[in-house]
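The values are calculated or read from the model by the stated rules, or taken from the named source; none is laboratory data. This one's a predicted model, so the numbers in the text were calculated from it and none came from an experiment. Glycine gets a Cβ as well: all are built from the backbone with ideal geometry, and neighbour counts include every protein chain shown. Protein only, heavy atoms only, side chains kept; ligands, DNA and RNA dropped before computing areas. Shrake-Rupley method; radii C 1.70, N 1.55, O 1.52, S 1.80 Å.
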Amino acid sequence: MKRLTLLRHAKSSWDDTVPRDFDRPLNKRGGRAAITMGRYARNHNMHFDHLIASPAVRVIETLDTFLDGYGEKIEANWERRIYLASSATLMDVLRDQPNDTSSLLMLGHNPGMEDLILALVPDDGASALRDDVEIKFPTASLAVMEIDIDKWENIGPNMARLVSFTRPRDLDPTLGPDQQH
């Protein structure tokens, strides 16, 4: 059994005049959301054997702030293929992960992250959480899936069970989409 946790980068700033999308930093609300989600992961005893992440600035800042809230440093493995990847590319990245990893944390971007969840979790009407993800996988959200495989190379569509889906606004309403605090 493998456990896959996906964390979408937190809210980034569109106000900064950075020349490339890759270099966009988090905004203040994004920073608050990332630390909130890190505390949530710590308080729910989430454990990660391995961490892979897009090297985009907003993902790096999300990870740093998430880990501040989590209270433990985890060595990041920067994976350029995750940056703005499709779900098919993300699936390939997962297939390349070490088989001794039982609990993997991946940080990346939408729409690929949302599409990956929708590809992995069967659309059979049995998962209200999947239905929620299908509506939207907001910034700084955490999705935890269990996959009944022994090797990451065997991962494929309709193999996962979505065990939790947590949005920042579920933990702090001021982090919701209509709040500007």
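Some points to look at:
- Percent carbon-and-sulfur accessible area, segment 62-181, ignoring ligands, DNA and RNA, probe 1.4 Å: 44 percent
- Per-selection Rg to Rh, segment 14-71 - Cα, Kirkwood hydrodynamic radius: 1.04
- Residue-normalised accessible area of the chain, expressed per residue, 1.4 Å probe, Å²: 47 Å²
- Qualifying aspartates and glutamates (Cα of each under 15 Å from Cα of K151; at least 8 residues distant if same chain): D49, D92, D96, D100
- Quarter of the Cα convex hull surface for segment 55-99, i.e. its orientation-mean projected area (nm²): 3.7 nm²
- Accessible area per residue (1.4 Å probe, heavy atoms of protein chains only) ranks W152, W14 as W14, W152, with the largest value leading.
- Mean projection area, nm², convex hull over Cα of the chain: 9.7 nm²
- Only the Cβ atoms of Lys and Arg (+1) and of Asp and Glu (-1) were treated as charged; on that basis the dipole of the chain about its Cα centre amounts to roughly 440 debye.
- Looking at the chain, the DSSP beta bridges with both ends there are about 50 percent antiparallel.
- Probe 1.4 Å - accessible area at T17, Å² to nearest ten: 130 Å²
- Using only Cα coordinates, the Kirkwood hydrodynamic radius of segment 99-181 works out to 13.8 Å.
- Alpha-carbon Debye profile of segment 81-136, log10 I(q)/I(0) at 0.27 Å⁻¹: -1.10
- Viscosity 0.692 mPa s, temperature 37 °C, Stokes-Einstein D of segment 44-131 from Kirkwood C-alpha radius, µm²/s: 234 µm²/s
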